[in-house]
Amino acid sequence: MKKILISVLFFGILFITSCEKRVALGDIEAEKANINSVLENYVKSVENEDMNLYAQTMAHDSEMVNFGSSGEPIIGWDALKKAIEGQNAALSETKIDVSDMKIHVGEDGKFCCATCLWNFQAKIGENAIKLPVRCTWILEKRENRWIIVHFHKSVAATE
């Protein structure tokens, strides 16, 4: 009887953990679509200088560290918000064309790494700028929604 109970318990735990993994992995393509939507909203928020939409895409963690295309690391939500507000004040007519988006969802379904390329265009006063930017994103699924917890952008070398 003891062996049967142990076997039932073992297979029960095995079944539950395998079901949890399937649920976590669920529909990877749907998760990728949700992640892509967050990243699209990030781009829209930058193009439209929409701080409310920007705030919805980002974690508001005091310890998070992000890297823009230049300058010092941006540490914490308050510093990031201030940096983006400064960017909004300095730039106009911002347009971002995204290409080569690659999204990789972790096995547990709670984290994601994404990479893409940007063709970033804007004006600083009357001067037009055009930059090829490489982007790396880390997103985390919190309370059943994806948010950006880290990004790193760098200006690609040009010939």
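Every read-out reported here was derived from the displayed coordinates using simple, explicitly stated rules and does not represent laboratory data. Owing to the predicted nature of the structure, the values given are computational and were not obtained by experimental measurement. Virtual Cβ from ideal backbone geometry, glycine too; neighbours counted across all protein chains shown.
With a cut-off of 15 Å between beta carbons, the residues surrounding residue 52 carry a summed charge of -2, where Lys and Arg count +1 and Asp and Glu -1.
Contour minus end-to-end for residue 129 and residue 78, with contour as 0.36 nm per residue of separation and end-to-end as the Cα-Cα distance?
Taking 0.36 nm per residue and subtracting the Cα distance, the gain is 15.7 nm.
Amide hydrogen proximity for residue 49: with H placed 1.01 Å from N in the peptide plane, no residue at 5 or more positions away or on another chain lies under 5 Å.
What is the range 27-155 by shape, rounded, prolate or oblate, if you read a ≥ b ≥ c off the alpha carbon gyration tensor as root eigenvalues and call it rounded for a/c under 1.5, prolate for a/b larger than b/c, and oblate otherwise? Taking the square roots of the gyration eigenvalues as a ≥ b ≥ c, the range 27-155 is prolate. So what's the net charge close to residue 112: Lys and Arg +1, Asp and Glu -1, counting the other residues with Cβ under 9 Å from its Cβ? Here the charged neighbours net out to +1.
Using only the Cα atoms of the range 25-67, build the gyration tensor, take square roots of its eigenvalues as a ≥ b ≥ c, and label the shape rounded, prolate or oblate: rounded if a/c is under 1.5, else prolate if a/b is larger than b/c, else oblate. The shape class here is oblate.
Extension gain for residue 62 to residue 155 (0.36 nm times residue separation, less C-alpha to C-alpha distance): 30.9 nm.
Computed 3J(HN,Hα) for the range 51-66, one whole-Hz value per residue from the Karplus formula 6.51 cos²θ - 1.76 cosθ + 1.60 where θ = phi - 60°, is 5, 5, 5, 4, 4, 5, 8, 10, 5, 10, 7, 6, 9, 5, 10, 10, glycine and proline marked x. When peptides 46-57, 68-79 are ranked by their average number of other Cβ atoms within 10 Å per residue, the highest-first order is 46-57, 68-79.
For the range 27-155, lysine pairs with C-alpha atoms less than 20 angstrom apart, excluding pairs fewer than eight positions apart on the same chain, total 24.
Counted by Cβ distance under 13 Å from residue 76, the other residues give a net charge of -2, where Lys and Arg count +1 and Asp and Glu count -1.
Mind checking the range 107-159 for trypsin sites (Lys or Arg not before Pro) that DSSP puts in a loop (not H, G, I, E or B) and that have at most 14 other Cβ atoms within 10 Å? Answer in residue order: 110. Phi angles of the range 104-111 translate, via the Karplus equation with coefficients 6.51, -1.76, 1.60 and θ = phi - 60°, into HN-Hα couplings of 10, 8, x, 4, 7, x, 10, 10 Hz per residue; Gly and Pro are given as x.
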